[in-house]
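Below is one structure, written out as structure tokens, with a few remarks after it.
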Amino acid sequence: MSIINKEVQELVDEKLKESIDSKLNGWVEQKVRSLMEERVSALEDKIKARETRKKRVAIVASKGSLDMAYPPLILASTAAALDMEAAIFFTFYGLDIINKHKYKSLKVPSLANPAMPVPVPNILGALPGMTAMATLMMKSWMNKAHVASISDLIDVCRESGIRLIGCQMTMDVMGVKKSDLIDGIEIGGSATFLDYAAEADIPLFV
Amino acid sequence: MSIINKEVQELVDEKLKESIDSKLNGWVEQKVRSLMEERVSALEDKIKARETRKKRVAIVASKGSLDMAYPPLILASTAAALDMEAAIFFTFYGLDIINKHKYKSLKVPSLANPAMPVPVPNILGALPGMTAMATLMMKSWMNKAHVASISDLIDVCRESGIRLIGCQMTMDVMGVKKSDLIDGIEIGGSATFLDYAAEADIPLFV
Amino acid sequence: MSIINKEVQELVDEKLKESIDSKLNGWVEQKVRSLMEERVSALEDKIKARETRKKRVAIVASKGSLDMAYPPLILASTAAALDMEAAIFFTFYGLDIINKHKYKSLKVPSLANPAMPVPVPNILGALPGMTAMATLMMKSWMNKAHVASISDLIDVCRESGIRLIGCQMTMDVMGVKKSDLIDGIEIGGSATFLDYAAEADIPLFV
């Protein structure tokens, strides 16, 4: 009786194989896809979106001295050159950087900075005219090294689509009006900054 | 000697088809799920957890002047209002902000800041009384613009569950004891800050 | 009219069942895996890579006073101790921290900081010798509290594989040459920092 066994077995296996080859293959594939494809594709799309989205830089500019006005503007314009998004939130003294009456005359403090490249004893640094001298000195070094001026850097930022945001609270505290600010400025609060920074790759407080 | 005649072949085909039609559908579905469901669900849960978790803000407050005490507290309390988690790590001069003997008398420096709203020549800014005057001036502007005081902002932070952490090293260096600090403060080191900030969306050094 | 006797029918049923149970099982499993395994594994690997990769700290050190030289070095060396990667980008006054002619003589400003632990009226803080006195005072407190010196912290950073990067633009502006810098320094620009920081968990501007 085992010959019959063997022959039936072989017939069944052969028929099964034919079925698999012709029919089941495509059918199971379609079943698997209909169950999993959408979900797996959705996951792949999310991961891919995160990998390919532009990087984002979010900077708070809180200082108004000439030397500390450079880092936010240089970092933001470099970010734009690297095809990253960027926004600068100008608050406290940093508001001067976008104040049309002040931004072309930001100054370098002549004292209280022992790391000043030309060390001046504080007592001399306190004398009238020393702030102007420290400022002139820094501007001439910046020029010689071909670093753009503050106002040129602001132009670059604006043209690159970098968001420049003036802090509402600082404007209230210091009595600065929208009309005192240069063009192309949005007004916002710390919530504006935090919402932007929450999705940023590089948040920095200068 | 084969019993496998055409009729047996047709029988196998028919039985195979019945089996496939009745059994396979539900069976393949269950197989796919048992192989893939758990893994795909786990991935979906992880992605979802990341998308829905609260944002986190981690701030280092290293400055003790009145003007620079505001940014950490305003950013942290705004974060809480936006339903984000936050912690402030008070280190170096920033420890004064949570020092009960100092936090209600933080001062604004009257010199070395060419961006002071009322520019005072450094030589005058150095005179006795000028620090007090600059401080009074800033406090009155803050008041007029309805900005909360430092101590009110600290209350808001504490009540919002924001972690306020005093730097152990700074306490050692400056001889400050836990009893010198206001209530509701944890003590920690830079590792405490880095561990918290490693999972933060918005780490900032003020 | 069937000549297919009952035994053959039962045999066919039995063989079919065995074949389906044994063959199809393995075949469907292999089909599902071949369709989905690679994609699901790839997703799992990506998520896992992100969860297990080392954390990264990216610091800008822009200040050159002794007190503000500590935070970047302490944060970076603590990061290394926590098995995180780190890089410090020394720019503006911060370049002094890696300038071999300056890094062992960084100073603490004696004025314009109302949060100085030993408050000195600005007018006295401006006198010759006060910077040196403030610096000596801070160094002695740091010593007593067993905080490493700047140059020891730099050694720790270098030995831990922390990248120390000097800012090209600052070197140009301040006329500093590579030979003025300590060993083990790379030179880079703001793009170098931004590229590193874009993948950092903890970017900080000191």
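Every number in this text was worked out from the coordinates using simple rules, so none of it is lab data. Small disclaimer: the values here were computed from a predicted structure and weren't measured. Glycine gets a Cβ as well: all are built from the backbone with ideal geometry, and neighbour counts include every protein chain shown.
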- Point-charge dipole on Cβ atoms (K/R +1, D/E -1) for chain A, about Cα centre, debye to 20: 1000
- Query: What distance in nm separates the simple spin-label points at C:SER34 and A:HIS146, each placed 7 Å from Cα in the Cβ direction?
  - Reply: 6.0
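Looking only at chain A, where both bridge partners belong to it, what percent of the DSSP beta bridges are antiparallel (to the nearest 5)?
For chain A, the DSSP antiparallel bridge percentage is about 5.
Output needed for the stretch A:1-111: three equivalent-ellipsoid semi-axes, defined as square roots of 5 times the C-alpha gyration tensor eigenvalues, in descending order, whole Å. Walk me through the numbers on the way to the answer.
On the way: eigenvalues 1120, 26, 18 Å².
Computed over the stretch A:1-111, the values are 75, 11, 9 Å.
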- Message: Can you compute the charge dipole magnitude of the stretch B:160-206 about its Cα centre, using +1 on each Lys and Arg Cβ and -1 on each Asp and Glu Cβ, nothing else charged? Give it in debye, rounded to the nearest 20.
- Response: 160
- Message: Straight-line reach only, C-alpha to C-alpha below 19 angstrom: list the lysines that B:LYS102 could link to, leaving out same-chain residues fewer than 8 apart.
- Response: B:LYS63, B:LYS139, B:LYS177, B:LYS178
- Item | 5 angstrom amide H check on A:PHE205, placed H, neighbours 5+ away | A:VAL60, B:PHE205, C:PHE205
- Item | Sequence-distant residues sharing a close amide H with B:ALA86 (under 5 Å, placed H) | B:VAL57, B:ARG163
- Relative to the compact-globule scaling 2.2 N^0.38 Å, provide the ratio for the alpha-carbon radius of gyration of the protein assembly as shown. 1.35
- Task: Note down the relative contact order for the stretch C:94-206 as a percent, whole number, built from C-alpha pairs under 8 angstrom at least six residues apart.
- Result: 27
- With only Lys, Arg, Asp and Glu charged, each at its Cβ (+1 for the first two, -1 for the last two), find how big the charge dipole of the stretch B:1-53 is about the Cα centre; round to the nearest 20 debye. 460
- Task: Using only the alpha-carbon atoms of the stretch B:21-85, report the extent along each of the three principal axes, biggest first, to the nearest angstrom.
- Result: 79, 20, 8
- Note on the structure: If each part is reduced to its alpha-carbon centroid, the stretch A:1-26 and the stretch B:27-99 end up apart, in Å, by 60
- Task: Sort shortest first the distances from B:GLU199 to its counterpart in every other copy, using label points 7 Å along the Cα-to-beta-carbon line, and give them in nm.
- Result: 2.4, 2.4
- For the stretch C:136-149, in order, what is each residue's ³J(HN,Hα) by Karplus, 6.51 cos²θ - 1.76 cosθ + 1.60 with θ = phi - 60°, in whole Hz (x at glycine and Pro)? 4, 4, 5, 4, 5, 5, 4, 4, 4, 8, 6, 8, 4, 6
- Message: If you take every residue apart from A:LEU153 with its C-beta less than 14 Å away from the C-beta of A:LEU153, what net charge results, scoring Lys and Arg +1 and Asp and Glu -1?
- Response: -1
- Query: What list of ³J(HN,Hα) couplings, whole Hz, do you get for the stretch B:73-81 from phi and the Karplus terms 6.51, -1.76, 1.60, once you set θ to phi - 60° and write x for glycine and proline?
  - Reply: 5, 5, 4, 5, 6, 5, 4, 4, 5
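Under the √(5λ) rule applied to the eigenvalues of the Cα gyration tensor, what semi-axes describe the equivalent ellipsoid of the stretch C:54-205? Give them in Å, descending.
28, 18, 14
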- Query: List the trypsin sites (Lys or Arg not before Pro) in the stretch A:117-197 that DSSP assigns to loop (not H, G, I, E or B) and whose Cβ has at most 12 other Cβ atoms within 10 Å. Which are they?
  - Reply: A:LYS177
- Message: Quick one: 3J(HN,Hα) in Hz for the stretch C:194-205, Karplus 6.51/-1.76/1.60 with θ = phi - 60°, rounded, Gly and Pro as x.
- Response: 4, 4, 5, 5, 4, 9, 8, 8, 10, x, 9, 10
- Task: Take every Cα pair under 8 Å in chain C that's 6+ residues apart, average their separations, divide by the length, and report that relative contact order as a whole percent.
- Result: 26
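Please report the antiparallel percentage of the DSSP beta bridges confined to the protein assembly as shown, to the nearest 5.
In the protein assembly as shown, approximately 5 percent of DSSP beta bridges are antiparallel ones.
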- Per the Debye formula with a single identical scatterer at each Cα and no solvent contribution, what log10 I(q)/I(0) holds for the stretch B:1-53 at q = 0.13, 0.16 Å⁻¹? -0.57, -0.66
- Taking the Cβ-Cβ separation of B:ALA49 and C:ALA81 as r and a Förster radius of 30 Å, what is the calculated FRET efficiency to the nearest 0.05? 0.55
- What percentages, rounded to whole numbers, describe P(r) for the stretch A:166-206 computed over all alpha carbon pairs with 5 Å bin width beginning at zero? 5, 20, 26, 22, 17, 9, 2
- Query: Tilt of helix A:150-159 relative to the longest C-alpha principal axis of chain A, in degrees (0 to 90, nearest 10)?
  - Reply: 30
- Which one of C:ASN113, C:ALA126, C:GLY166 has its Cα pushed farthest toward the positive end of the charge dipole of the stretch C:54-205, where Lys and Arg give +1 and Asp and Glu give -1 at the Cβ? C:ALA126
- Task: Could you tally the net charge around C:ILE74, taking each other residue with its Cβ under 12 Å from the Cβ of C:ILE74, Lys/Arg +1 and Asp/Glu -1?
- Result: -2
